[in-house]
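Here is the structure we will look at.
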Amino acid sequence: MQSLSKKFNQLKNDPTISSKRGRAERKLKEWVFALFRTALVLGISYVILSPLIGIIASSFFSNEDNYNPIVYLIPQSPTLERYITSIMRMDYFTVLGNMMLYVVGLTVLQVIVCSMAGYGFARFNIPFKRVLFACVIITIVLPSHTIMYPLYTTFQTFNPLGIVGLFNEGSSVNLLGTPWPVIIMTALGVGLRSGLYIFIFNQFFRGLPKEIEEAALIDGAGNIRTYLQVMMPNATAAIVTVTIFSVVWQYNDNFLGRLFNVSDDILLSRRIGSLQATIANLDQIRDPSITTLYVYAGVVLMILPLLLIYIFMQKHLIEGIERSGIVG
């Protein structure tokens with residue numbers, strides 16, 4: 001018995017066996033953690049994506065699938081009729097083309113204006129600089145709904161400083177029903193999420209070494225030339241980030257579009273909002289559960305361009321967020 005106990009203690013204290021046991025325990029912990037992490041990610045992904053999955057699946061339902069209580073996600077008789085009709089009733093490709101011109105134009109304008117403002121805050125000491133930058137931050141945190149009425153009345157009777165009245169027989173101009181209110185706000189640096197974009201550019205330009213500008217000034221470049229030829233080429237990551245954010249938010253914007261009554265020939269979101277009534281009137285489909293399937297198809301058609309943008313620009317978007325100083 002003493003010899004067996006002695007051998008057991010020797011095996012127990014053997015460093016080779018102890019190291020193997022330690023590796024096995026570490027591997028087991030890694031497997032358990034990986035399993036828990038996978039289950040957590042799948043659960044969160046399902047909670048987030050389940051409504052979208054349901055919309056996509058329902059958009060392929062036939063009338064029989066819609067009335068069949070057994071069918072949940074996978075249709076038994078899938079059909080593309082919802083998409084064909086939705087494309088026709090929304091005039092999808094024409095409106096999408098108009099909308100992309102509208103969104104791209106606003107995005108280019110927003111990148112130019114916000115980058116100039118961000119560069120100014122980052123590099124120039126101007127009077128009341130901190131107060132002005134605090135106003136930029138306020139535009140980020142201030143809910144847009146709190147200024148709905150002032151915005152509406154401003155562009156309903158648009159006559160800043162009486163300048164418009166000089167050319168319009170003393171009366172103001174009603175810009176509602178046109179895209180001009182959104183264009184004017186974007187050009188003045190107070191467009192959709194412009195405060196956030198100014199903050200991104202400001203953080204990015206502050207992170208660039210001042211020696212770059214000093215070298216440009218020594219070579220005879222002025223402030224404008226330094227900004228255009230030196231700073232902007234080095235701000236590619238911030239430009240890509242702001243461009244993607246601006247395209248997505250302008251594309252999905254429904255607040256300013258409804259507030260200023262922008263034409264539904266430009267905004268797909270407004271076409272989708274009236275699609276159910278259009279289907280009911282033109283196609284004589286009175287069942288709300290069926291007309292909803294056409295709306296689902298319209299939603300998928302609207303999401304598709306954004307999905308392609310995210311797929312092809314994901315790498316640049318993540319890099320830009322990391323380098324622009326807005327992580328966390």
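A short reminder: the numbers here are calculations on the coordinates, not readings from a lab. Every value quoted in this text rests on a predicted model; they were computed, and no experiment measured them. Backbone-built Cβ (ideal geometry, glycine too); neighbour counts: all protein chains shown.
Dipole magnitude for the chain: about 1920 debye, using +1 per Lys or Arg Cβ and -1 per Asp or Glu Cβ, origin at the Cα centre. The Cα atoms of the stretch 42-84 cover 32, 25, 11 Å along the three principal axes, with the biggest extent listed first.
For the chain, a Gaussian network of Cα nodes joined below 10 Å ranks ALA57, ALA34, ALA117 by mean-square fluctuation, and the top entry is ALA34. Fully extending the segment from SER274 to LEU304, taken as 0.36 nm per residue of separation minus the present Cα-Cα distance, adds 8.9 nm. Distance between the modelled labels on LYS27 and ASN174, one decimal in nanometres: 7.7 nm (7 Å Cα→Cβ projection). Grouping the Cα pair distances of the stretch 91-266 into 10 Å bins from zero gives a pair-distance distribution of 9, 31, 31, 21, 7, 0 percent in increasing distance order. The overall shape of the chain, judged from the alpha-carbon gyration tensor, is oblate: a/c is not under 1.5, and a/b is no greater than b/c.
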